[in-house]
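This report concerns only the one structure given below.
The values are calculated or read from the model by the stated rules, or taken from the named source; none is laboratory data. Please read all numbers here as calculations on a predicted model, not as lab measurements. Don't worry about glycine lacking a Cβ; one is built from the backbone with ideal geometry, like all the others, and counts go over all protein chains shown. Accessible surface is based on the protein model in full, side chains and every heavy atom, while ligands, DNA and RNA are left aside. Shrake-Rupley method; radii C 1.70, N 1.55, O 1.52, S 1.80 Å.
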Amino acid sequence: MMRIACLGGGPAGLYFAISMKLREPGHDVHVFERNRADDTFGWGVVFSDQTVENLMANDPVSGAVIRDEFAHWDDIDVHIHGECVRSSGHGFIGIGRKRLLAILQERARALGVHLHFEHEADPDLDAWADYDLVIAADGANSRIRTAYAPHFDVDIQVRRNKFFWFGTEKVFDAFTFAFEETEAGWVWAHAYRFGEGLSTFIVEMDPETWAGLGFDEMDQPEAIAACERIFAAYLDGHGLMSNARHLPGPQAWLNFRRIVCGRWSYRNLILLGDAAHTAHFSIGSGTKLALEDAIKLAEVLNRPGLSREDALVEYQEERNLEVLKLQNSARNSTEWFETLDRYLHFEPIQFAYSLLTRSQRVSHENLRLRDRNWLEGVERWFQSRARSSLSSLRGAEGDEAIQRPEAGLLRSARNDGAGDNHPPAPPMFAPFRLRGMTVENRVVVSPMATYSAVDGRPTDFHLVHYGTRAQGGAGLVYTEMTCVSAEGRITPGCPGLYAPEHVEAWRRIVEFVHGNTPARICLQLGHSGPKGSTRVGWEGYDVPLDSGNWPVMAASDVPWSADNQVPRPMTREDMDDVRDAFVAATRRAIDCGFDMVELHAAHGYLLSSFITPLTNKRTDAYGGSLENRLRFPLEVFRAMRAVWPAERPMSVRISANDWMGDAGVTPDEAVEIGRAFHEAGADLIDVSAGQTWADCRPVYGRMFQTPFADQIRNQGRLTTMAVGNIYEPDHVNSILAAGRADLVALARPHLVDPMWTLRAAAAQGHRAQWVPPPYLGGQAQLARNLQREQEMLKA
């Protein structure tokens, strides 16, 4: 039996007390709350069906009462630019926070929990010496956590936007996002009903708009009246209500505090709910996390044979995993609202799609399960815009791609059944045009080093490698980094384009691709710089050769690592030679017949060594400011663009984040880098990240580099390609439909499955995808088998 003090009488503290008494009625549990029993500073609480199931399993009595009083709704309305976009199937449930607290208080009393209201809890642990456990459930502003903050490894990040949590008697029949433009900027509301005759109404805006509208000087009545005027069209004459009337006007506006704790316990003190972690209100999971924390903590503390120390380790490890998942989603959601200006130029239907998928917890196929008709409307819109753009460009410039005879013949080799009677094609199968080049879909085979060349010359391996991936259905196939000189190679196995025999070998590959597939092929040109003269990848990445090393050079004498050579700082003569080598390789690319050329200026190679301040320590005109650091890479790009045919596109690969904070290239700086290359003639920014510094600290995850492509595209208004841990068709469709990138490159998935695009077409029932004529029967069988599998899963 234990004597337990719960500091904080919100949902977390109350539900933990209930959960402990359910497992052992003999526990002496006390809850101490500073406010009165019926005080609350929130309005509605949103749950998921899974949370309700967890509550029912833990305590059917209170769970049933909560379940029966929930308000249910399925729809989301997004109001933007005078239009309302409604989608369905989202399955929200909500309850008033005040009612939830009353239910939990009643249940706690019935189980013998001692409730103490209007009791200010002492943040000194010694004041609770009579208790076996002290539970800090006093919220995000926890006084006792603050008192012992060094022991909890607390990290608090204050987010930039201002928000005010209102209530209203206007009852919304859908979860509503309303965006309104004012003279000072955009203001928006998150609104949802939670009970009979009541809704939550959260008003949010960036701090510049907040100050521009004068909220920093208004008292509460003035602020409420201003918000009522802004959202009059949605409130239908109803007012807004505040339950923070005790605060001066400006102080009632909050900045969200994201809280992460490295440790959740100290001595006999344990953190619970918002005291341990927070998740942004825009994903509505704070109370869910708190209740599930309470269930887990009570379970491990009462498990026979488990020591308290082991119980607390399991509690933190299991719950922290769930918290991190939600906090990652919440971060994505928070950043979407903080960077709203990037998306305001979207058409309403794409804006709504972007909003719905902002956290990355909701994907393209998840939306199909929720509301198939709505999603197919999105797909029709996307295909219509893609083809409309294509038609307008053809009319203005003509289309060399369509006129290519062999391409026309190949387009007839498709599965039967593409037509108006079938569902719209997913976004990944929309065409795209760069200058005079049209790609049939948005899937790109990303550059991948294969280390299989001989003295820079591609071999039969490369013919099969690139030919097979072109047959696999991708719209665009990139070569691996092809080096402009022998000393510019990364390894002895890297291909080049600096000798006549290289031209002949590459031409053979390009002719196969053009003669047997509708795919386009892009040559990526680069110079290894400080990362050259190393072993092939499977013998160790960036490991110097045992013998036969060649000298390396870079912007400055900064080695890639302590084991690598110290590069020679480039002279102006070196720069001239390298620039001319890139130009010569570009001319040879014309002879090979490549459709497109990309300049590799990322990943710590030669040109990247100029761009990142981590390796560029020059004090001349090529170092220091971003303008100076870009000077030589742009010189090279312009020289290439000058000799490359005007109708053919060029791209540049950049590292949009050095993963070293302000010491390196940041995502904001990457927008300026993208703009600079665009002004020099780049048609596409291939957005990668990192690999510029051996000790960088990347944050990995699925689609982890896509936010950088999104920022460059929508803040810089540039054409981008996303790459990086993208491996499912669902990822590709979500990125494209949300307007986060224009093309999507996949690397490792294509290594083991060269037919990735054909497989994706079969899985999605897209029957208009081009298939090599000898493989039509196999594609048809694959489509039938995958459809059968899906039907069996639904049965």
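Quick notes on this structure:
- Residue in region 621-643 that is under 24 Å from the mean Cα position of the chain (by Cα) and either under 20 Å from residue 577 (Cβ atoms) or surrounded by 18 or more Cβ atoms within 10 Å (Cβ to Cβ) (or both) present: no
- Per the conditions (1) more than 25 Å from residue 55 (Cβ to Cβ); (2) buried (at least 23 other Cβ atoms within 10 Å of the Cβ), the sole criterion not satisfied by residue 212 is (2).
- Restricting 96, 10, 44 to residues that are under 15 Å from residue 290 (Cβ atoms), crowded, with 22+ Cβ neighbours inside 10 Å, touching a residue at least 12 places away in the same chain (Cβ under 8 Å) and touching a Gly at 6+ places or on another chain (Cβ under 8 Å) narrows the list to 10.
- Those residues of region 565-608 which are over 30 Å from residue 437 (Cβ atoms) and not hydrophobic (A, V, I, L, M, F, W, C), in sequence order: 565, 567, 568, 569, 571, 572, 573, 574, 576, 577
- Criterion (within 24 Å of the chain's Cα centre (by Cα), modelled with pLDDT of 95 or more and of a type in the set (Lys, Arg)) met by exactly one of 784, 702, 759, 713: 713
- Residue that is nearest to residue 34 (Cα to Cα), among those in region 126-135 that are aliphatic (A, V, I, L, M) and more than 41 Å from the chain's Cα centre (by Cα): 127
- Residue count for region 306-354 satisfying the condition of being surrounded by fewer than 21 Cβ atoms within 10 Å (Cβ to Cβ), touching a strand residue (DSSP E or B) at 6+ places or on another chain (Cβ under 6 Å) and over 22 Å from residue 82 (Cβ atoms): 2.
- All conditions but one from (1) of a type in the set (A, V, I, L, M, F, W, C); (2) touching an Asp or Glu at 6+ places or on another chain (Cβ under 6 Å); (3) open to solvent by less than 10 Å² (accessible area, probe 1.4 Å) apply to residue 140; the one that does not is (3).
- Annotation: of all residues in region 680-716 being touching a residue at least 60 places away in the same chain (Cβ under 8 Å) and among the charged types (D, E, K, R), the one that is surrounded by the most Cβ atoms within 10 Å (Cβ to Cβ) is 686.
- Scope region 532-558; condition of a type outside the set (Ser, Thr, Tyr) and open to solvent by less than 40 Å² (accessible area, probe 1.4 Å); matching residues: 532, 536, 537, 540, 544, 545, 550, 552, 553, 554, 555, 558
- Residue match in region 663-677 (condition: of a type in the set (A, V, I, L, M, F, W, C) and open to solvent by 10 Å² or more (accessible area, probe 1.4 Å)): yes
- Of all residues in region 355-367 being open to solvent by less than 40 Å² (accessible area, probe 1.4 Å) and touching an Asp or Glu at 6+ places or on another chain (Cβ under 9 Å), the one that is farthest from residue 280 (Cα to Cα): 364
- Count of region 99-115 residues which are over 25 Å from residue 50 (Cβ atoms) and open to solvent by 60 Å² or more (accessible area, probe 1.4 Å): 3
- Total residues in region 281-321, condition touching a helix residue (DSSP H, G or I) at 6+ places or on another chain (Cβ under 8 Å), under 24 Å from residue 355 (Cβ atoms), in a helix (DSSP H, G or I) and not basic (Lys, Arg): 5
- Residue 703 of a type in the set (A, V, I, L, M, F, W, C), under 27 Å from residue 468 (Cβ atoms) and touching a His at 6+ places or on another chain (Cβ under 6 Å): yes
- Residue under evaluation residue 742, criteria (1) open to solvent by 10 Å² or more (accessible area, probe 1.4 Å); (2) within 24 Å of residue 514 (Cα to Cα); (3) out of contact with any Ser or Thr (no Cβ under 7 Å at 6 or more places or on another chain), criterion not met: (3)
- When region 473-529 is filtered for residues that are among the β-branched types (Val, Ile, Thr) and open to solvent by less than 10 Å² (accessible area, probe 1.4 Å), the ones remaining, listed by number, are 477, 479, 482, 484, 491, 509, 510, 513, 517, 521.
- Counted residues, region 287-318 - those being of a type outside the set (S, T, N, Q) and free of Cβ contacts under 8 Å to residues at least 24 places away in the same chain: 14
- Test: residue in region 66-81 that is open to solvent by 20 Å² or more (accessible area, probe 1.4 Å) and under 25 Å from residue 270 (Cβ atoms): no
- Matching helices (runs of 4 or more DSSP H) fully within region 545-649 where at least 1 residues are of a type in the set (D, E, K, R): 572-592, 626-629, 631-643
- Subset of region 209-248 that is charged (D, E, K, R) and in contact (Cβ under 8 Å) with a residue 12 or more places away in the chain - its residue that is farthest from residue 340 (Cα to Cα): 245
- Residue count for region 461-472 under the criterion of being open to solvent by 20 Å² or more (accessible area, probe 1.4 Å), under 11 Å from residue 512 (Cβ atoms) and out of contact with any Pro (no Cβ under 7 Å at 6 or more places or on another chain): the result is 2.
- Residues that are without any contact (Cβ under 8 Å) to a residue 60 or more places away in the chain and either part of a strand (DSSP E or B) or closer than 18 Å to residue 72 by Cβ (or both), drawn from region 181-195: 181, 182, 185, 187, 189, 191
- Qualifying residue in region 186-194 (condition: hydroxyl-bearing (Ser, Thr, Tyr), touching a Ser or Thr at 6+ places or on another chain (Cβ under 9 Å) and farther than 21 Å from residue 357 by Cα): no
- Under the condition of being of a type outside the set (A, V, I, L, M, F, W, C) and open to solvent by less than 10 Å² (accessible area, probe 1.4 Å), the residues counted in region 437-449 number 3.
- Subset of region 519-544 that is part of a strand (DSSP E or B) and in contact (Cβ under 8 Å) with a residue 60 or more places away in the chain - its residue that is farthest from residue 645 (Cα to Cα): 526
- Of the residues making up region 249-280, those that are within 24 Å of residue 132 (Cα to Cα), open to solvent by less than 10 Å² (accessible area, probe 1.4 Å) and part of a loop (DSSP other than H, G, I, E, B) number 3.
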